[in-house]
Amino acid sequence: MSSGLSAAERFARLRLARTDKVGPVTFRQLLDRFGSATHAVEALPDLIRKSGGGTGHTLPTVASVEAELAAGERIGARLIVLGEADYPEMLAALDPPPPLLWTRGDVGLMARPCIGIVGARIASAGGQRIARGLAQQLGQAGHVVVSGLARGIDGAAHAGALETGTVAVLGGGVDDIYPPDNADLYAQIVERGCIVSESPVGARAQARDFPRRNRIISGLSRGVIVVEAEIRSGSLITARLAGEQGRDVFAVPGSPLDPRSKGPNELLRQGAILCEGLEDVERAFNTLRTLREPERVNPFDGAPDELDEALIEQVAGLLSPTPTPRDELARALGVSIGTVAAALLELSLAGRATLLAGGLVSR
């Protein structure tokens, strides 16, 4: 990962990340295709017009990006973009990583060994006591506790780790205190921990923001502990994401009479690590290798500067709702992976393909 970026490149990365329908996968592929966000921003209008996706993607104005930066400066927030030295190593190892993070507080906490604790918003007194105690034990053992600043288990975990270090990941902007009754806890985390969000400063959390929030909680963490959660809950989504990211998943068992125990108990049936205290986590971590940013191969190597329209249509014709590896498309057409990757990028900008993690694509 680069040790630093120019001010112009940082600005361009923020602008590219705020472009309509440019998510983490497309963001990373645009960087790979054009070598920098500065070049990608310059090329994007023509590329969108050429692909016929003019109404689907809109670059934000320079003024709107400047306004976001000014809003962050007013509250003392700090922007960290992918490629900077302070970008968390654990997040950089994701496929793909979040393009940027807004932060308040001590960003150095994200470089320390982190563990997520998540669970029910309407948590039992016993569940909150377990979360608070676990967080305190983990903190004293040198871990930073990561959670989502929600009611219940999240709040108890943050409170237990305030003395030793805690990171709160928000769905809205870093100034979006939700729920409002966690305002005092939020202020303490700004002072003694770290607040993190992908969303613009001033944004209010919406339903679509929470999966991204959960992905960062698990992505920052070496493992995730689920204390209480019903079967259909955001906490189990976080646990699933943790498993997909190669992190350990821990579950605190509970009474079968309490619906809040169904989530952790189901995770245990699926192979999660039983967690009754610090020793269970330490035992697992003794065998867990630190995840580092993998060596990446640019998928656009060998791609021509200009693509044949007929070839783009051939690639489009091979797509289906089932995710397909791009190297499989390259074999079917007898062309390079770089050529297929370039065609898929254009099709995605036209709204005719969806780029997925791991080199997959669907219609």
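Divide by every residue of the chain the summed helix terms, -39500 (n - 2.57) for each DSSP H run of at least 4, and state the resulting mean residue ellipticity at 222 nm, rounded to the nearest 500 deg cm²/dmol.
Estimated from H runs of four or more residues: -13000 deg cm²/dmol.
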Checklist outcome for this item: Most packed first (mean Cβ within 10 Å per residue), the peptides 206-218, 130-142 order as 130-142, 206-218
Item to check | Fully extended contour minus Cα-Cα distance, from V297 to R112, at 0.36 nm per residue | outcome: 63.8 nm
Checklist entry - By how many degrees, between 0 and 90 and to the nearest 10, does the Cα long axis of helix 234-244 differ from the longest principal axis of the chain? => result 60
Checklist outcome for this item: So A85 and E42, fully extended at 0.36 nm per residue minus their Cα-Cα distance, gain in nm 13.0 nm
Checklist entry - Using the count of nearby Cβ atoms within 10 Å as a rough guide to exposure, how do Y178, Y186 rank from fewest to most? => result Y178, Y186
Item to check | Theoretical gain in end-to-end length, A70 to R151 [0.36 nm per residue, Cα-Cα removed] | outcome: 26.1 nm
Checklist entry - Under a point spin-label approximation (7 Å from Cα along Cα-to-Cβ), what is the A183-D308 distance to one decimal in nm? => result 6.5
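Can you give the local net charge around G359? Use residues other than it whose beta-carbon is closer than 10 angstrom to its beta-carbon, Lys and Arg +1, Asp and Glu -1.
With Lys, Arg at +1 and Asp, Glu at -1, the net is -2.
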Checklist entry - Considering only the other residues whose Cβ falls under 10 Å of the Cβ of D209, what net charge follows from Lys and Arg at +1 and Asp and Glu at -1? => result +2
Checklist entry - Roughly how many debye, to the nearest 20, is the charge dipole of region 7-80 about its Cα centre, given +1 on each Lys and Arg Cβ, -1 on each Asp and Glu Cβ, and no other charges? => result 160
Checklist outcome for this item: Toy charge model, Lys and Arg Cβ at +1, Asp and Glu Cβ at -1: region 41-123 dipole around Cα centroid in debye, rounded to 20, equals 320
Next on the checklist: For the pair Q270/E191, report the inter-label distance in nm, with labels modelled 7 Å from Cα in the Cβ direction.
Outcome noted: 3.9
Checklist entry - Of I189, I273, I115, how do they rank once you tally other Cβ atoms within 10 Å and put the fewest first? => result I273, I189, I115
Next on the checklist: Sequence gap at least 6, Cα distance under 8 Å: using those rules, report the relative contact order of the chain to the nearest whole percent.
Outcome noted: 15
Next on the checklist: At 7 Å along Cα-to-Cβ for each site, give me the label-to-label distance between L318 and A63 in nm.
Outcome noted: 4.6
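Here, each number is a calculation from the coordinates, and none is a lab measurement. Quick caveat: nothing in here was measured; it's all calculated off a predicted structure. All Cβ positions, glycine included, derive from the backbone under ideal geometry; neighbour counts span all protein chains shown.
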